[in-house]
Amino acid sequence: MVRYKARYLLFDILYPEEPSLSAVGPPTQGHIEFHSSSDPTITSSYLAGLIREGLAHQFGDWGAGVAGGLTVKYFSPQTSKGIVRVSRDHYRLVWTVLSLMKELKGKPIVIRVVKVGGTIKKVEKEAIRRAKLDIARFGGAAGGRAGILEVEDIEDDDMQD
Amino acid sequence: MSSTVKEPQTERKKDARPSLMQITVKSPEWSYAHLKMIYDPPFLQSTNSSLYPPDILTWRTTLTASLTQFLGVMGSAIHIDILHIKHDEAWLRLPRSDATMFGVAVSGYVGSTETRAVGFKILGMGDFLMGVVGKGEEDDLWEL
């Protein structure tokens, strides 16, 4: 028996049309709106269901069978970021499904896979790195506190696993 | 010791037969399939109605249905050429890289028409049309 080898995909949900990209406000305003938080009713299991539906549509019974064993390990509606775990041989199918998602709870979205890793640790580190980058970018404008909480949020989840 | 004796012999052989150029087609672009549409309960071979034998559009839609069920949108995108239809059999051409998945999708499919279940029987598959057509004709050759 061979060990089950997994891939972890770190994705973030972008809302390209949702907000009005107004000219007023600091230059980081557009960035924040683009990366706006998701509907709080969106849970990991809801996303997993959506991905499975997508697999069945794009890759039929075969796709749903080979990659249907995925789990959404982490999803935070506040940051619109999540981690999916899927078998190494079929991670590209899940990647495709994520990339082809157009809508979430009626809102037009774009899902971007920003990191593929072999361990959840590495993927979490990338999530934290990106979160820190965002904090540095907003720095004074948005107020650092909210950003720091975001990082802790991810780290707390790590402890539970 | 024996090798020293043999060596000049083989050399002479080589000289006597100038080398011919040999080409092996290792990865042909296309694959060919010979399918039969089967029904349950079966039609009589002599039946001639709007349902049997299936026409080219029926072939196309049934094949697409089977591929969509098994492989989703990806399956429906497989390029299939229907080369010839004879009664309830058809000869198809498809990209070789999709041939395996095609075989699985088509052989495991059970669809339905108004009155009966429909499926496919793979009579032959191969990378060369000659082989696929020839295989089917072998049976006819020995029929009295």
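The values are calculated or read from the model by the stated rules, or taken from the named source; none is laboratory data. Model, not experiment: these values are computed from the prediction. Glycine also receives a Cβ, built like all others from the backbone with ideal geometry; neighbour counts cover every protein chain displayed. Areas reflect the complete protein model, heavy atoms only, side chains present, ligands, DNA and RNA absent. Shrake-Rupley method; radii C 1.70, N 1.55, O 1.52, S 1.80 Å.
Taken along the Cα-to-beta-carbon direction at a fixed 7 Å, the label points for residue B:141 and residue B:104 span 3.4 nm.
Database remark: amide H of residue A:114 closer than 5 angstrom to the amide H of A:10, A:11, A:12 (H placed geometrically; neighbours at sequence offset of 5 or more, or on other chains; Pro and chain starts carry no H). The lysines within cross-link reach of residue B:36, meaning a Cα-to-Cα straight distance under 23 Å and a gap of 8 or more places when in the same chain, are B:86, B:121, B:135.
For the chain pair B and A, the interface hides roughly 600 square angstrom of accessible area in total, found with a 1.4 Å probe. Across B:95, B:41, B:54, mean-square fluctuation computed from a Gaussian network of chain B (C-alpha pairs under 10 Å connected) peaks at B:41. In summary, the lysines within cross-link reach of residue A:5, defined as a Cα separation below 25 angstrom excluding same-chain residues under 8 places away, comprise A:73, A:81, A:115, A:121, A:122, A:125. Using a 1.4 angstrom probe on protein heavy atoms only, which residues from segment B:48-97 are buried by at least 20 Å² of accessible area when all chains are present rather than their own chain alone? Residues passing the criterion (a loss of at least 20 Å², heavy atoms only) are B:69, B:70, B:71, B:72, B:73, B:74. For segment B:77-139 and segment B:34-74, what is the separation of their C-alpha centers, rounded to whole Å? With segment B:77-139 and segment B:34-74 each reduced to a Cα centre, they are spaced 10 Å.
Starting from the Cα of residue B:50, move 7 Å in the Cα-to-Cβ direction to define the label point; list residues of segment B:87-129 whose amide nitrogen is under 19 Å from there. Residues B:112-118 fall inside that zone. Each of B:74, A:1, B:101 has its accessible area taken with a 1.4 Å probe; listed largest first, they run A:1, B:74, B:101. Heavy atoms only, probe 1.4 Å: what % of the accessible area of chain B goes to carbon and sulfur, would you let me know? The value for chain B is 57 percent carbon and sulfur by accessible area. Summary value for segment B:32-144: 40 percent relative contact order, contacts being C-alpha pairs under 8 angstrom separated by 6+ residues. When chain B is treated as a Gaussian network with alpha carbon springs shorter than 10 Å, the biggest mean-square fluctuation among B:69, B:45, B:22 belongs to B:22.
Note on surface exposure: B:31, B:112, A:44 rank B:112, A:44, B:31 by accessible area, highest first, 1.4 Å probe.
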